[in-house]
Amino acid sequence: MSHWGSAKARRVLAALLRIGWTVKRESGSHKTLQRTGWPDFVFAFHDKEEVGPRMLARVAKHTGLKPEDL
């Protein structure tokens, strides 16, 4: 069972920015995020889009995001 629920993409992006990620560049709904010690991560969701538990788990794996960060 996943510890992740679902969340709006805007909320997920805000959580990533709070834990130290910054927007490196942006093209439409694709944002390339950077953080020291991590490879760049492309966040490709529209703000009002719902991000499900499986995709949140994948984002977390690549960014260090935790359920309590949301």
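The values are calculated or read from the model by the stated rules, or taken from the named source; none is laboratory data. Quantities reported herein were computed from a predicted structural model and do not represent experimental measurements. Here Cβ is always computed from backbone atoms with ideal geometry, including for glycine, and neighbour counts include all displayed protein chains. The protein model used for the area step is the full one, side chains on, heavy atoms only, and it has no ligands, DNA or RNA in it. Shrake-Rupley method; radii C 1.70, N 1.55, O 1.52, S 1.80 Å.
Listed values, structure above:
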{"read-out": "Gaussian network model of the chain, Cα within-10 Å springs - most flexible of R11, R58, R35", "value": "R58"}
{"read-out": "Label zone at K8, where the point sits 7 Å out along the Cα-to-Cβ direction: the range 14-38 residues whose backbone N lies under 14 Å", "value": "14-15"}
{"read-out": "For the chain, accessible area per residue (1.4 Å probe, heavy atoms of protein chains only), Å²", "value": "67"}
{"read-out": "Under-5 Å amide H pairs with L33, H placed in peptide plane, nonlocal only", "value": "K24, F41, V42, F43"}
{"read-out": "Amide H partners (placed H, <5 Å) of V51, local residues excluded", "value": "A7, K8, A9"}
{"read-out": "Crossing angle, helix 53-63 versus the chain [Cα axis fit, 0-90 degrees, rounded to tens]", "value": "40"}
{"read-out": "Nearest 10 degrees, 0 to 90: helix 9-18 Cα axis against the chain principal axis", "value": "60"}
{"read-out": "Straight-distance crosslink candidates among lysines, where the alpha carbon sits under 20 Å from K24 and sequence neighbours closer than 8 are dropped", "value": "K61"}
{"read-out": "Cα-centre dipole for the chain with unit charges at Cβ (Lys and Arg positive, Asp and Glu negative), debye to 20", "value": "60"}
{"read-out": "Normalised per residue, the volume of the convex hull around the Cα set of the chain (Å³)", "value": "73"}
